[in-house]
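Step one of this worksheet: look at the structure below.
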């Protein structure tokens, strides 16, 4: 059996922030570093990285030793169990949108150093982080952690990956900016006016799939769970269908569609299969619906209908349409408008 070496992708800058949190509380971080097997001489190296498991161990130890789940970010400590309290206040919500609004509102009861807001306009939703105090050297680690936390909880509540459309951060690009591709897989912008995460607003309408019992189990091992990416995406089929409808010219094959969805082609096929779909079946359904609508509502030439439906040639469109309906597009259009073939006069 092959041995898989853990990937060291977490920036040492986050360990530096934890050490700064210890110093701020007048405590020695030696035990926390030892638990995570991080040599003290490595900490100052801004180019060094640690594994996710090491980050989980040092964070868990530091939170318990300092009795501060905020690790020194805020003026007031957040005693052990503070974020669990937010989760308990959100677990009874009927939808993710209600749960996130509760989380943001109740977070202000823990600290007034920052504020979280959920905004939804049309098809897009945003989680916005507003700063009320200068967080100094802990600014980046604080905001990254808070956003990873709320995104992780949201994904857990609906048992689904929530793909980000974009991410913006209110600080200059750090030396470890490439790590953000893992932390927040989405197009990222630095030096933005406000820190925010943007995603498809349809996730807000999804019902919660967790109960109090599941919450109690999750809170026993919350740190490793919340930072692990979810494979399942409960809106993947709808998102794929929308792209096939709105961007047929950019979704000719699995690779191009997967790139638009920010997943691999292999992941796309697997997740569609898990939900009882195939990519070809989805494409056929979308193209048939679009082509039928255009044939019925417009007088566009068959070649233009084929292009609009995502076919690269009129010939392949006619062959596919005949397979779906038993008729060519031209015959289908004539029959739909009440025209029939007139027999030739002998």
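The values are calculated or read from the model by the stated rules, or taken from the named source; none is laboratory data. Keep in mind the model is a prediction, meaning the values are calculated, not measured. When we count neighbours, we look across all protein chains shown, and the Cβ atoms used for this are built from the backbone with ideal geometry, even at glycine.
Here is a list: 335, 306. Which entry is more than 30 Å from residue 164 (Cα to Cα), without any contact (Cβ under 8 Å) to a residue 24 or more places away in the chain, touching a helix residue (DSSP H, G or I) at 6+ places or on another chain (Cβ under 9 Å) and assigned to a helix (DSSP H, G or I)?
306
Just to verify a result, which residue in the range 286-312, among those that are farther than 20 Å from residue 335 by Cα and surrounded by fewer than 19 Cβ atoms within 10 Å (Cβ to Cβ), is nearest to the chain's Cα centre (by Cα)?
Here the answer is 308.
So residue 312 clears everything in (1) assigned to a helix (DSSP H, G or I); (2) farther than 26 Å from residue 202 by Cβ; (3) in contact (Cβ under 8 Å) with a residue 24 or more places away in the chain except one condition, right? Which one?
Among (1) assigned to a helix (DSSP H, G or I); (2) farther than 26 Å from residue 202 by Cβ; (3) in contact (Cβ under 8 Å) with a residue 24 or more places away in the chain, residue 312 violates only (1).
Assigned by TED's automatic domain parsing to the domain that holds residue 206, assigned to a helix (DSSP H, G or I) and either touching a strand residue (DSSP E or B) at 6+ places or on another chain (Cβ under 6 Å) or closer than 30 Å to residue 198 by Cβ (or both): does that describe residue 13?
In short, yes.
Being assigned to a loop (DSSP other than H, G, I, E, B), in contact with a helix residue (DSSP H, G or I) (Cβ under 8 Å, 6 or more places away or on another chain) and under 23 Å from residue 165 (Cβ atoms): is that true of residue 252 here?
On the way: assigned to a loop (DSSP other than H, G, I, E, B): yes; in contact with a helix residue (DSSP H, G or I) (Cβ under 8 Å, 6 or more places away or on another chain): no; under 23 Å from residue 165 (Cβ atoms): yes.
Considered against the rule, which asks whether it is assigned to a loop (DSSP other than H, G, I, E, B), in contact with a helix residue (DSSP H, G or I) (Cβ under 8 Å, 6 or more places away or on another chain) and under 23 Å from residue 165 (Cβ atoms), residue 252 comes out as no.
So, in the range 266-280, how many residues would count as being in contact (Cβ under 8 Å) with a residue 24 or more places away in the chain and farther than 17 Å from residue 255 by Cβ?
Of the residues in the range 266-280, 3 are in contact (Cβ under 8 Å) with a residue 24 or more places away in the chain and farther than 17 Å from residue 255 by Cβ.
Got a sec? Which of 315, 283 is within 23 Å of residue 254 (Cα to Cα) and either in contact with a strand residue (DSSP E or B) (Cβ under 8 Å, 6 or more places away or on another chain) or surrounded by 15 or more Cβ atoms within 10 Å (Cβ to Cβ) (or both)?
The unique qualifying residue is 283.
Give 255, 249 a once-over and let me know the one that is more than 23 Å from residue 324 (Cα to Cα) and either outside the structural domain of residue 200 (by TED's automatic domain parsing) or surrounded by 14 or more Cβ atoms within 10 Å (Cβ to Cβ) (or both).
Values: 249 fails: more than 23 Å from residue 324 (Cα to Cα).
Going through 255, 249 in turn, the sole match is 255.
Could you tell me whether the range 112-134 includes any residue that is in a loop (DSSP other than H, G, I, E, B) and under 16 Å from residue 86 (Cβ atoms)?
Narrowing the range 112-134 to residues in a loop (DSSP other than H, G, I, E, B): 112-113, 122-123, 132-134.
Those still in the list that are under 16 Å from residue 86 (Cβ atoms) too: 112-113.
Yes, the range 112-134 has at least one match.
Limited to the range 15-47, what total is found for residues that are surrounded by 16 or more Cβ atoms within 10 Å (Cβ to Cβ) and over 16 Å from residue 138 (Cβ atoms)?
3
Tell me the residue from 203, 180 that is assigned to a helix (DSSP H, G or I) and over 28 Å from residue 241 (Cα atoms), please.
Being assigned to a helix (DSSP H, G or I) and over 28 Å from residue 241 (Cα atoms) holds for just one of 203, 180, which is 180.
Could you say whether any residue in the range 214-234 is out of contact with any strand residue (DSSP E or B) (no Cβ under 8 Å at 6 or more places or on another chain), closer than 30 Å to residue 80 by Cβ, crowded, with 17+ Cβ neighbours inside 10 Å and at pLDDT 80 or above?
Scanning the range 214-234, I find at least one residue that is out of contact with any strand residue (DSSP E or B) (no Cβ under 8 Å at 6 or more places or on another chain), closer than 30 Å to residue 80 by Cβ, crowded, with 17+ Cβ neighbours inside 10 Å and at pLDDT 80 or above, so the answer is yes.
Can you confirm whether the range 48-58 contains a residue that is free of Cβ contacts under 8 Å to residues at least 24 places away in the same chain, outside any helix (DSSP H, G or I), out of contact with any strand residue (DSSP E or B) (no Cβ under 6 Å at 6 or more places or on another chain) and closer than 19 Å to residue 141 by Cβ?
Within the range 48-58, none of the residues are free of Cβ contacts under 8 Å to residues at least 24 places away in the same chain, outside any helix (DSSP H, G or I), out of contact with any strand residue (DSSP E or B) (no Cβ under 6 Å at 6 or more places or on another chain) and closer than 19 Å to residue 141 by Cβ.
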